[in-house]
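Trainee: Following this message is one structure expressed as structure tokens.
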């Protein structure tokens, strides 16, 4: 798994994802964004997926799955 040497704890990319999520009008301003990577354990499968959970007040919750490692996610990958 690739680790960005300038952001080994993924703080920068996680703050960018929050910034990108907040550009959508339907997203409450008080959301929390959680990310996690899941690597496929099947021998024929060699990819890493990133799951993004967006939670806010009033039981607001959305989940996204992006077929890329966290460090490769960009603004255009976030589609709600």
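Yes/no matrix, rows are residues, columns are (1) over 13 Å from residue 18 (Cα atoms); (2) surrounded by 15 or more Cβ atoms within 10 Å (Cβ to Cβ); (3) modelled with pLDDT under 90; (4) in contact with a strand residue (DSSP E or B) (Cβ under 7 Å, 6 or more places away or on another chain):
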residue: 36; (1), (2), (3), (4): yes, no, no, yes
residue: 40; (1), (2), (3), (4): yes, no, yes, no
residue: 45; (1), (2), (3), (4): yes, no, yes, no
residue: 49; (1), (2), (3), (4): yes, yes, no, yes
residue: 52; (1), (2), (3), (4): no, yes, no, yes
residue: 65; (1), (2), (3), (4): yes, no, no, yes
residue: 76; (1), (2), (3), (4): yes, no, no, no
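Trainee: So in region 25-59, with the set limited to residues that are part of a loop (DSSP other than H, G, I, E, B) and in contact (Cβ under 8 Å) with a residue 40 or more places away in the chain, which one is nearest to residue 74 (Cα to Cα)?
Mentor: Start the filter on region 25-59 by keeping residues that are part of a loop (DSSP other than H, G, I, E, B), which leaves 25-31, 40-47, 56-59.
Next, only the ones that are in contact (Cβ under 8 Å) with a residue 40 or more places away in the chain stay: 26-27.
Numbers: 26: 20, 27: 18 Å.
It comes out as 27.
Trainee: On to the next question. Output the number of the condition that residue 20 fails; it satisfies all remaining conditions of (1) in a helix (DSSP H, G or I); (2) touching a strand residue (DSSP E or B) at 6+ places or on another chain (Cβ under 9 Å).
Mentor: (2)
The values are calculated or read from the model by the stated rules, or taken from the named source; none is laboratory data. As the structure is a prediction and not an experimental result, all values here were calculated from the model. Ideal geometry is used to build each Cβ from the backbone, glycine not excepted, and the neighbour counts take in all protein chains shown.
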